[in-house]
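See below for the structure under consideration.
The values are calculated or read from the model by the stated rules, or taken from the named source; none is laboratory data. All values derive from a computational prediction rather than experimental measurement. Glycine gets a Cβ as well: all are built from the backbone with ideal geometry, and neighbour counts include every protein chain shown. Ligands, DNA and RNA are excluded from the accessible area calculation, which covers all protein heavy atoms including side chains. Shrake-Rupley method; radii C 1.70, N 1.55, O 1.52, S 1.80 Å.
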Amino acid sequence: MTEHSPRAYDVMAEAIRLIGERREDQPSLDALAAEMGMSPAHFQKLFSQWVGVSPKRYLQYLTLDHARSLLRDRFTVLDTSFETGLSGPSRLHDLFLRWEAMSPGAYASGGAGLDIRWGWFDTPFGEALVMGTDRGICGIAFAAETGRDAAMADMTGRWPAARFCEAPAALAPLVGSAFGGTGGETRLCLIGAPFQLQVWEALLRIPSGHVTTYSEIARVIGRPKASRAVGSAVGRNPVSWLIPCHRALRKSGELGGYHWGLPVKRAMLAWEAARADAATDTDRSDTAPRPVALPSGTAA
C-alpha cells in the first residue's frame with residue numbers, strides 16, 4: 001500500500017478518527033498499528049507521509065494546550081491578512097475555492113424553487129453529508145458525533161422549501177477536490193442572511209494552520225460589540241471545513257463550541273497544524289546550505 005493509494009486514504013481517515021476518539025488514553029503506536037492491521041514501522045511511515053507528522057505528534061495537536069499555542073503563535077489579524085501574503089483561503093492540496101451567494105430573497109424563502117442534491121461521503125473527519133446545487137456545494141454536515149439522522153435533519157431544516165434529491169455521483173467531483181486531493185476547483189453556493197454572509201466571508205480570510213477569535217471577526221466586519229451574534233453566525237455556517245469555522249477560538253484559547261462536535265474541530269485544527277508545520281520544516285530544509293559537489297579528484 002502506497003501513500004497515494006485509495007486504500008491508504010481509507011486507512012489514514014480511520015487512524016485519524018481513532019486517535020481523536022482515544023486521545024485521553026494516549027494510545028501507543030503499537031496499539032494503533034494493530035488496529036489498522038499493519039506493522040508499527042509501516043503504519044508510522046504511511047501516517048507521517050500522509051498527514052505530515054508522526055502519530056504521536058498528531059496526538060499532541062489534539063490537546064487544549066495546542067489550541068492555546070495556536071492562538072498565541074498563529075493568530076491572524078484579518079484586516080491585514082491580504083496585505084501580508086496570507087490572502088485566503090490557504091487550502092490543502094492547492095485547492096482552489098470559488099464562492100457565490102444566493103440572493104437574500106432565496107434565503108428568506110427557505111430555498112423555495114431550489115433543487116438540492118445530497119450524498120454521504122467518507123472524509124478525514126468521519127462520514128459527511130454533502131449537499132449542492134448547480135452552483136456548487138451548499139452544505140457539509142459531519143455525522144461522527146451527531147449521527148446520520150440528526151445531520152440530515154439539520155441540513156434539510158435550513159432550506160425547508162427546497163427539493164432534495166439523493167445524487168452522490170453528481171457531487172463526487174466537487175467532494176473529491178474538497179477532501180480527496182484530486183485538485184481542481186471547488187465551487188460553493190452560500191445560502192444565508194446578509195450578516196451571516198459577512199461572517200463567513202471573514203472566515204475565508206483565515207489561512208490554513210492559523211486561527212482567530214470571535215471578537216476579532218466582529219471587529220473586522222464593523223460590528224465590534226456583536227461577538228455573540230458572530231458566534232451564532234459561525235455556528236450556522238452550512239459548509240464546514242471549506243468555510244473554516246473551526247479556526248475561530250475564544251479569547252482564552254479554549255476551543256469554544258462546534259456545531260458538529262468538538263472532537264471534529266480538534267481533528268481539523270490538528271490536521272491543518274500538522275500540514276503547516278510540515279511545510280515549515282520543508283522550507284527550512286530548502287534554505288539550508290547544501291554541500292557542493294566537487295569534481296572527481298579535487299581536494300576539499
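Before moving on, here are some points about what is shown:
- Among residues of the stretch 148-164 that are closer than 14 Å to ASN237 by Cα and in contact (Cβ under 8 Å) with a residue 40 or more places away in the chain, those with a Cβ under 9 angstrom from a residue that is open to solvent by 50 Å² or more (accessible area, probe 1.4 Å) and in a helix (DSSP H, G or I), sequence gap 6+ or separate chain, pair up as TRP159/TYR107.
- Filter result for the condition that a residue is hydroxyl-bearing (Ser, Thr, Tyr), under 17 Å from the mean Cα position of the chain (by Cα), more than 22 Å from ALA101 (Cα to Cα) and not in a strand (DSSP E or B), over SER208, SER215: SER208
- For the stretch 159-177, residues that are crowded, with 19+ Cβ neighbours inside 10 Å, not aromatic (Phe, Trp, Tyr) and not in a helix (DSSP H, G or I) total 1.
- Selection from the stretch 192-219 of residues that are open to solvent by 10 Å² or more (accessible area, probe 1.4 Å) and within 24 Å of ALA141 (Cβ to Cβ): ALA193, PRO194, PHE195, GLN196, LEU197, GLN198, GLU201, LEU204, ARG205, SER208, TYR214
- On inspection, SER252 fails the criterion of being part of a helix (DSSP H, G or I), of a type in the set (Gly, Ala, Ser) and open to solvent by 40 Å² or more (accessible area, probe 1.4 Å).
- Conditions (1) open to solvent by less than 20 Å² (accessible area, probe 1.4 Å); (2) without any contact (Cβ under 8 Å) to a residue 60 or more places away in the chain; (3) part of a loop (DSSP other than H, G, I, E, B); number of the one not met by GLY222: (1)
- Screening the stretch 1-76 for helices (runs of 4 or more DSSP H) wholly inside it with 3 or more residues that are hydrophobic (A, V, I, L, M, F, W, C) and either under 21 Å from the mean Cα position of the chain (by Cα) or modelled with pLDDT of 80 or more (or both) returns the ranges 6-21, 29-36, 40-51, 64-73.
- Matching residues in the stretch 38-52 - criterion: being surrounded by fewer than 16 Cβ atoms within 10 Å (Cβ to Cβ) and within 26 Å of PHE142 (Cα to Cα): GLN49
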